[in-house]
Every structure is written in C-alpha cells, then in structure tokens.
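The values are calculated or read from the model by the stated rules, or taken from the named source; none is laboratory data. Please read all numbers here as calculations on a predicted model, not as lab measurements. Note: ideal-geometry Cβ built from the backbone for every residue, glycine included; neighbour counts use all protein chains shown. The protein model used for the area step is the full one, side chains on, heavy atoms only, and it has no ligands, DNA or RNA in it. Shrake-Rupley method; radii C 1.70, N 1.55, O 1.52, S 1.80 Å.
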Amino acid sequence: AETTTLDQSTQAKASLQKHGKSFAWAARFLGADHADRGARLYAICRAIDDMADDNTPQRASALLSGLRTALATGKSAEPEAVDLAAQVARLDQMIGLSHQALTHLIDGVEQDLEPVRIADQDALIRYAYRVAGTVGLMMCDVLGVQNPLAKRHAVDMGIAMQLTNIARDVLEDARLDRRYIPGTWLAAEPDRLIDPDAETVAAAQQAIARLLDLADRYYTSGRAGLPYLPFRPRLAIAIAAAVYRAIGDRLRQRGYDYRQGRVVVPSLQKAVISASIIANPKILSRARTKHGHDSELQRALDDLMGPNETADHAPA
C-alpha cells in the first residue's frame, strides 16, 4: 500500500509539472505535505478533464458516468473510473475531500461534451465555478481551511483563474466548437471566430477586455481570502494568482488580439513576480477584511453553494 501511495504521489507531481506549469511553480512554496496533497488533487482534476478531452463525447460520457458510480459504490464497468475513484478515496482519507465540490466539477466537465455556447454572464460564472471554483473549495480541504468565509474567497480565486483561461484560449476553444464568452457579449459562432472579419475581431477584443476586467474583481476577492491561510500556503496561492493574473496583463499588452497564439508567462517573469510577492508585506498580511464577502460575485451560485451567510450585502 505504501509503494502504491508513493507511486501515486510521483505520478501526481509529474502530471502537475507537465500540465500545470503555473501551479507547479507556486507549489514550490507550499511545503512538502501540502505540495504532495495539492499535486494529488491536481492529478485527480486533470484526469477528470482528460476523460472528457481525450475521448469521443460518447466514450467520455460513459467514463464520467462510470466515475460517478465508482465514487458512490467503489465499483464500475470502467477500470479507469475505478482507479481514479481509488485515488479520490485515498486523498479523502488524508484530508476529508468535499464530495459536493467534486460532483460539481464532474458536472462542469460534462458541459464540455456538447458544443459550448455560454448564454450570459450568470451562465459563465456557473461554469467557471463548476470547473475551477470547486478546485478552490477542494484546495481548502488540502490546506485544512474550514472557515466558510475563506471558502467563499477560494471559490472566487478559482473563478478568476478560469475567466483568465477563457480569455487566453478564445481561438483554441473555437476550434473545439466552444464559445465560453457570453453570447450577450459576443454573438459570433466559433467558426466566425476562427476566420473573423474586422467587425468580429473588434467585438471579440472588447469581450476579452470585459472578461479580464471581470476576472480582476474575482482576483481581488480571492486575495482577500489569503489571510485565512497558513503562511506558506498563503505565499504559494498569492504567487499562483499573480502569475495567472499576468496572463491577462500580457493579453492587454497585445491589445486583446486572440489570434496571436496562446499567451505564456516566461520563467523569468514568474521569478520576478514571486520576488515581488515575497517582498510585499501587504499581500502576506494576516489582517482580514472587515466587509465580509461581496454577495454579488456569487449570486448566480446560490442554488449550487447555498445561501451566502458570510456576505456583505452592500453594493459592490
């Protein structure tokens, strides 16, 4: 059993290094136990995502359905699902993983099995919660954070990062017949985004700018949750968020032109960002916000997360 656990840990870290370079960078600052458990969580989330992305929609649906069965019963006709459910059970033994958050993540991944056309901003926030805000909740489990207010801010941090992903990957997603930018902001179909006229480019640039501005609101709330974390996780999450936010800065610098290829943050810039975080006492302060949590940010999630009893109901 110990050998299996070590193998899972090694595989999890390899998955993080290969697929989650920004998170792998930040994980250096976590501390050994938290880094190991965080890598295990990342590997689980990545495997769920790969079930959808690496298979036909029909096969992906069967695998995800098999995973739901395996999580509930330990059994499934799909060996891959049983193996992944065993990884979940092992991590659950370590940290007490949120099963609701994991279920919502699977719900979000299943959304991608159909052609994606996000209708409006509320639908965008609900999708971003399912595929990334849930990871924020499960990271709270990894870090041993139980405060309900901290969890609200963690969800916002995950949503912010997902909005950044969407802004970065407009062209890549269009080639997969997906448009995550709300139709109320940008009515263009994916094929038009792949081969756009000048009017479509201008509308897409405006929508990407709007996405990044919205992401900034969620990053601000996410950062307000940092004081609830122990020191090393606080440092690591602050660095991960700043590196991710830099993707948006680079998109702004190129005039929101989504046709120029995927934005990456070079290692040197990551190092500079990390040093600036370490040197910034305000970011790493334990002082907590006096205003609670802005309820408007999660208004679209009330049926998914329950009433926001930690909220500040004053206007944002």
Problem - Some residue of the range 279-286 being modelled with pLDDT of 90 or more and open to solvent by less than 60 Å² (accessible area, probe 1.4 Å) - result: no
Completion exercise
The lone condition Leu193 fails out of (1) under 17 Å from the mean Cα position of the chain (by Cα); (2) crowded, with 22+ Cβ neighbours inside 10 Å is (1)
Problem - Condition broken by Gln206, with the remaining ones in (1) open to solvent by 10 Å² or more (accessible area, probe 1.4 Å); (2) within 28 Å of Ile95 (Cβ to Cβ) satisfied - result: (2)
Handout entry: Boolean, Gly306 is open to solvent by less than 50 Å² (accessible area, probe 1.4 Å), free of Cβ contacts under 8 Å to residues at least 40 places away in the same chain and either under 30 Å from Glu199 (Cα atoms) or not polar (S, T, N, Q) (or both)
Key = yes
Problem - The one condition in (1) open to solvent by 90 Å² or more (accessible area, probe 1.4 Å); (2) assigned to a helix (DSSP H, G or I) that Glu296 fails to fulfil - result: (1)
Practice task
Determine whether the range 280-300 contains at least one residue that is within 30 Å of Glu199 (Cα to Cα) and touching a helix residue (DSSP H, G or I) at 6+ places or on another chain (Cβ under 6 Å).
Solution key: no
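Determine whether Ala62 is over 26 Å from Val264 (Cα atoms), among the small types (Gly, Ala, Ser) and touching a residue at least 40 places away in the same chain (Cβ under 8 Å). Walk me through how you get there before you give the answer.
Values: over 26 Å from Val264 (Cα atoms): yes; among the small types (Gly, Ala, Ser): yes; touching a residue at least 40 places away in the same chain (Cβ under 8 Å): no.
The answer is no for Ala62.
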Practice task
Only one of these is charged (D, E, K, R), over 29 Å from Asp122 (Cβ atoms) and open to solvent by 80 Å² or more (accessible area, probe 1.4 Å): Arg223, Arg217, Arg259, Arg232. Name it.
Solution key: Arg232
Problem - Conditions (1) of a type in the set (A, V, I, L, M, F, W, C); (2) open to solvent by 20 Å² or more (accessible area, probe 1.4 Å); (3) part of a helix (DSSP H, G or I); (4) within 30 Å of Val201 (Cβ to Cβ): number failed by Val264 - result: (3)
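Output the residues belonging to the range 237-261 that are part of a loop (DSSP other than H, G, I, E, B) and of a type in the set (Ser, Thr, Tyr). Full working, then the answer.
Let us first name the residues in the range 237-261 that are part of a loop (DSSP other than H, G, I, E, B), namely 254-257, 261.
Result: Tyr256, single match.
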Exercise for the section: Take the residues in the range 70-98 that are assigned to a loop (DSSP other than H, G, I, E, B) and more than 19 Å from Gly136 (Cα to Cα), then tell me which one is most open to solvent (accessible area, probe 1.4 Å). Expected result: Lys75
Practice task
Starting from residues that are under 17 Å from Thr134 (Cβ atoms) and modelled with pLDDT of 95 or more, keep the ones in the range 52-69 and report whichever is most open to solvent (accessible area, probe 1.4 Å).
Solution key: Arg68
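So which residues in the range 162-188 are more than 13 Å from Ile118 (Cα to Cα) and surrounded by 15 or more Cβ atoms within 10 Å (Cβ to Cβ)? So that I can check it myself, show each step before the final result.
Of all residues in the range 162-188, those more than 13 Å from Ile118 (Cα to Cα) come to 162, 164-165, 167-169, 171-172, 175-176.
Once the filter is applied, which keeps residues that are more than 13 Å from Ile118 (Cα to Cα) and surrounded by 15 or more Cβ atoms within 10 Å (Cβ to Cβ), the range 162-188 yields Gln162, Thr164, Asn165, Ala167, Arg168, Asp169, Leu171.
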Exercise for the section: Of all residues in the range 119-144, count the ones that are under 20 Å from Ala215 (Cβ atoms), open to solvent by 10 Å² or more (accessible area, probe 1.4 Å) and among the hydrophobic types (A, V, I, L, M, F, W, C). Expected result: 7
Handout entry: Test for Arg28: is it open to solvent by 20 Å² or more (accessible area, probe 1.4 Å), more than 22 Å from the chain's Cα centre (by Cα) and basic (Lys, Arg)
Key = no
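For the structure I just gave you, tell me whether Val272 is outside any helix (DSSP H, G or I), at pLDDT 90 or above and of a type in the set (A, V, I, L, M, F, W, C). Walk me through how you get there before you give the answer.
Working: outside any helix (DSSP H, G or I): no; at pLDDT 90 or above: yes; of a type in the set (A, V, I, L, M, F, W, C): yes.
Against the criterion (outside any helix (DSSP H, G or I), at pLDDT 90 or above and of a type in the set (A, V, I, L, M, F, W, C)), Val272 does not qualify.
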